[in-house]
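Trainee: I'd like to ask some things about the structure below.
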Amino acid sequence: MLSMTGYGTARGECGGANVAVEVRTVNHRFLDPHVRLPREYLSLEPRIHQAIRGAVRRGRVDVTVSIETERPPAFTFNVPAARGYCEAAKVLCEELGLAERLDLKTLVALPGVVADDSGGMSLPDTVPEKLATAILGFVGDALSQAGKMRLQEGRALRDQMLRQLDILLTRVSELRVLAATAATEYQERLTEKLEKLLGRAQVDEERLEQEVAIMAEKSDFTEELARLESHAVQFRGLMDAEEVGKRMDFLLQEMQREANTILSKSGSLEVSRQGIAIKSVIEKLREQVQNIE
C-alpha cells in the first residue's frame, strides 16, 4: 500500500552538463504528470512521461529537470552594421563640423553590432542519446527515491488505519450486544410507561407483545451490523495490496451508509452513541484513504 505523498531528487554530470532532477508527488484522483524542462531538451518530455507512468499509478507528479552546461558564451560581430554606423557618424560629423569619431567601446554598445550566439542559436531537434540516457537515468533515480518515501508513508498510514479499524470493530461488537437485548429493554420501558398511565388497570399482555414485535422489527439493525463488519474485514484485506485507494474509498462509502441506517433505527441513547462513534471512525479513515494510491 502506497501513499501518494513523496519526494525525491537526483543529480549528476554528463558530457559537461550538470543535471538536477526533483520529483514531488501529491494526492489526485487520477495520474496527473507535469514535466518542466529547459527548452533545448523538450524532446525528452514524452520519454519522461513514460518513466512516470511506469513508476506511479495515481496522483499528481511534478518532475523538474534543471540542466546547466559549461559551454562558454559565443559572440559574433555584425561588420556591415558597424560599418554603417561609422559611415553615418562620419557624414554627421562633416555636416556639423565635429571632430569626434566613433570609438570601439561606443560602437560595440550600439544595437545590432554584437550578436549573442549562445542565446540566439536555433534549438537542436534531438538531444544526444548519451546525454538523454543520463538525464532519464537521473529521472528514474528521483522517482525511485520518491517511491521509497511513498512506501514509508503508506506503512505509517496502514498502522493508523488498522488502529481505527480495531476501534470500529469493537464498536460493532458492542452494538451487537445491544441489538440482542433491544427488544427486551423496549418491552420493559413500554410496560413501565403503560403502568404509570393506566395505574391499577391491567395491561393487555397480548397487545403489548404485538407492539414490541412491531417495534423490534422496525428497529432491528443486525443485518446492517453484519454488512458493516463484512466491509471492515474486506477493507483490512486490501491493506497489503497495491492500487487500493479507490476500492477502499468505495467500501468506506458503504460502511457510512450502514452506519447511517443503524442510527436511523436507533431506539436507545447507547445505540446512538455507538453509531456516532462508528461514523467518526469512518470519517477519519476516509481522510486517510484520500492519500492512498
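The values are calculated or read from the model by the stated rules, or taken from the named source; none is laboratory data. Computed from a prediction, not measured in an experiment: that's the story for all the values here. Backbone-built Cβ (ideal geometry, glycine too); neighbour counts: all protein chains shown.
Trainee: Considering each of Lys105, Lys130, Lys90 in turn, give the residue that is under 54 Å from the mean Cα position of the chain (by Cα), in a helix (DSSP H, G or I) and at pLDDT below 95.
Mentor: None of the others qualify; the one that does is Lys130.
Trainee: Which residues, taken from the stretch 3-35, are outside any strand (DSSP E or B) and closer than 21 Å to Gly137 by Cα? Lay out the reasoning, then the answer.
Mentor: Taking the stretch 3-35 first, the residues outside any strand (DSSP E or B) are 4-5, 15-16, 27-30.
Of everything in the stretch 3-35, those that are outside any strand (DSSP E or B) and closer than 21 Å to Gly137 by Cα turn out to be Gly15, Gly16.
Trainee: Oh, and also: Only one of these is small (Gly, Ala, Ser) and under 12 Å from Leu165 (Cα atoms): Ala259, Ala241, Ala226, Ala232. Name it.
Mentor: Values: Ala259 fails: under 12 Å from Leu165 (Cα atoms); Ala241 fails: under 12 Å from Leu165 (Cα atoms); Ala226 fails: under 12 Å from Leu165 (Cα atoms).
Exactly one residue qualifies, and that residue is Ala232.
Trainee: Which members of the stretch 264-293 meet the condition of being of a type in the set (A, V, I, L, M, F, W, C) and modelled with pLDDT under 90? Walk me through how you get there before you give the answer.
Mentor: Narrowing the stretch 264-293 to residues of a type in the set (A, V, I, L, M, F, W, C): 269, 271, 276-278, 281-282, 285, 289, 292.
Within the stretch 264-293, Leu269, Val271 qualify.
Trainee: Okay, moving on. How about the stretch 240-293: which of its residues are touching a Ser or Thr at 6+ places or on another chain (Cβ under 8 Å) and buried (at least 18 other Cβ atoms within 10 Å of the Cβ)?
Mentor: If the condition is that a residue be touching a Ser or Thr at 6+ places or on another chain (Cβ under 8 Å) and buried (at least 18 other Cβ atoms within 10 Å of the Cβ), then Ser266, Gly267, Gly275, Asn291, Ile292, Glu293 are the ones that fit.
Trainee: Hey, another quick one. What about His49, is it within 20 Å of Gln145 (Cβ to Cβ), surrounded by 13 or more Cβ atoms within 10 Å (Cβ to Cβ) and free of Cβ contacts under 8 Å to residues at least 60 places away in the same chain?
Mentor: Answer is yes for this residue.
Trainee: Quick one: count up the residues across the stretch 55-114 that are out of contact with any strand residue (DSSP E or B) (no Cβ under 8 Å at 6 or more places or on another chain), among the β-branched types (Val, Ile, Thr) and buried (at least 16 other Cβ atoms within 10 Å of the Cβ).
Mentor: Of all residues in the stretch 55-114, those out of contact with any strand residue (DSSP E or B) (no Cβ under 8 Å at 6 or more places or on another chain) come to 55, 71-72, 79-107, 109-112.
Cutting the leftovers down to among the β-branched types (Val, Ile, Thr) gives us 79, 91, 106.
With the extra rule that they be buried (at least 16 other Cβ atoms within 10 Å of the Cβ), the set shrinks to none.
Of the residues in the stretch 55-114, 0 are out of contact with any strand residue (DSSP E or B) (no Cβ under 8 Å at 6 or more places or on another chain), among the β-branched types (Val, Ile, Thr) and buried (at least 16 other Cβ atoms within 10 Å of the Cβ).
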